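The values are calculated or read from the model by the stated rules, or taken from the named source; none is laboratory data. On a predicted model such as this, the values are computed, not experimentally measured, just so you know. Please note: Cβ atoms are built from the backbone with ideal geometry, for glycine as well, and neighbour counts cover all protein chains shown.
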Amino acid sequence: MRLDVISIFPEYLQPLSLSLIGRAAQDGILDLNLTNLRDFTEDKHRKVDDTPYGGGAGMVMMPEPWGQALDSVRSANAQGPKPTLIVPSPAGAVFNQQMAYDLAEEEHLVFACGRYEGIDERVIDYAHENFNVIPVSIGDYVLNGGEVAVMVMVEAIARLIPGVIGNPESLVEESHSDVLLEYPVYTKPSSWRGREVPEVLLGGNHQRVGRFRRDEQIKRTAARRPDLIEQLDVQSLNRRDRDALWHNGFAVVEGTITPKSQLEWATGAGAETSPATAPDPESAS
């Protein structure tokens, strides 16, 4: 995969040369290129911003340096497929694990690191001629620039490319790989400052370990990210999964996962019963 990052602070992206991402670049799995936007300015001060039309606070990144930078990146790989241009923006689609998987299938990604109040909107319009443009947000907060967001996205995407992670099986058990958050992990010693590793993890019974970890995933996700619980594939849930959901505040009703607090029959006298003995919602009305 070819990765291009355009920024006025390319040195900000130097951490990408470290660890697994850096090694993948050295091994030729990733072709990582950093472009300094100021190289495409035409004045002695290398100016890239100006005041906004219509007034308002802050400065806006000028279109011409961006136009030239994008032209340069595209011409450097002119025979390749149409690149995808990712523009970090608070107004973009929210970046998540599924988007990371989708982008990991691309052959060429370009990241445009905005600063100040953002990039002149005409640049985005122009970019559609040669790029598949996707404005992306990494969360509901504001950063000083796009560089940090780009490092987050590059790492999330690149590690999904075959050869970047040494053990690909480790990707399967991570948080968000199947919607649920990752289970707690432990290592030696088994007893530390009065705190013990759960006994089930010490017994060597892989089936029990797997069940314990799955239950912990459901418990953790229900407590920390209940919004993810409702995204689970109901058809893939076995009886033990449904029991775990029940004991963590959710019920499977008519093929959907619903918080028990929203179900009248699940909040009364039978609220502590298991799904198997809970009243049928049709007969409870």
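When we screen Val234, Val197, Val154, Val209 for residues that are among the β-branched types (Val, Ile, Thr) and within 15 Å of the chain's Cα centre (by Cα), the only hit is Val154.
For (1) touching a Lys or Arg at 6+ places or on another chain (Cβ under 7 Å); (2) touching a residue at least 40 places away in the same chain (Cβ under 8 Å); (3) closer than 30 Å to Gln231 by Cβ, each residue gets a yes or a no:
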{"site": "Arg46", "(1), (2), (3)": "yes, no, no"}
{"site": "Asp49", "(1), (2), (3)": "no, yes, no"}
{"site": "Pro52", "(1), (2), (3)": "no, yes, no"}
{"site": "Met59", "(1), (2), (3)": "no, yes, no"}
{"site": "Met62", "(1), (2), (3)": "no, yes, no"}
{"site": "Gln68", "(1), (2), (3)": "no, no, no"}
{"site": "Ser72", "(1), (2), (3)": "no, no, no"}
{"site": "Gln79", "(1), (2), (3)": "no, no, no"}
{"site": "Met99", "(1), (2), (3)": "no, no, yes"}
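Within the range 121-135, the set of residues being surrounded by fewer than 21 Cβ atoms within 10 Å (Cβ to Cβ) and not aromatic (Phe, Trp, Tyr) comprises Glu121, Arg122, Ile124, Asp125, His128, Glu129, Asn130, Asn132, Val133, Ile134, Pro135. When you check Arg159 against the structure, is it surrounded by fewer than 13 Cβ atoms within 10 Å (Cβ to Cβ) and out of contact with any strand residue (DSSP E or B) (no Cβ under 6 Å at 6 or more places or on another chain), yes or no? No: the conditions fail for Arg159.
Suppose the filter is within 24 Å of Phe131 (Cα to Cα) and either within 29 Å of the chain's Cα centre (by Cα) or modelled with pLDDT under 95 (or both); does Asp71 pass it?
yes
One residue stands out in the range 72-131 among those that are assigned to a helix (DSSP H, G or I) and aliphatic (A, V, I, L, M): the one that is farthest from Ile157 (Cα to Cα), namely Val123. Pairs needed: first member in the range 83-96, among the aromatic types (Phe, Trp, Tyr) and surrounded by 13 or more Cβ atoms within 10 Å (Cβ to Cβ); second member anywhere, modelled with pLDDT of 95 or more and in a strand (DSSP E or B); C-beta distance under 7 Å; at least 6 residues apart or different chains. The qualifying pairs are Phe95/Val136; Phe95/Ser137. Taking the range 38-58 as the range and being surrounded by 15 or more Cβ atoms within 10 Å (Cβ to Cβ) and farther than 15 Å from Ala112 by Cβ as the test, the residues that pass are Thr41, Pro52. The residue that is surrounded by the fewest Cβ atoms within 10 Å (Cβ to Cβ), among those in the range 136-149 that are hydrophobic (A, V, I, L, M, F, W, C) and more than 17 Å from Gln97 (Cβ to Cβ), is Val142. Counting only residues that are modelled with pLDDT under 95 and acidic (Asp, Glu), the range 28-53 holds 2 of them.
Summed over the range 14-24, the residues that are more than 15 Å from Ala156 (Cα to Cα) and touching an Asp or Glu at 6+ places or on another chain (Cβ under 8 Å) give a count of 0.
Taking the range 7-45 as the region of interest, how many residues are among the β-branched types (Val, Ile, Thr) and part of a helix (DSSP H, G or I)? The qualifying residues number 1. In the range 1-18, the residues that are in the same structural domain as Trp66 (by the TED database) and of a type in the set (Phe, Trp, Tyr) form Cβ pairs under 9 Å with partners that are buried (at least 18 other Cβ atoms within 10 Å of the Cβ) and assigned to a loop (DSSP other than H, G, I, E, B), at six or more places apart or across chains, as follows: Phe9/Cys113; Tyr12/Cys113.
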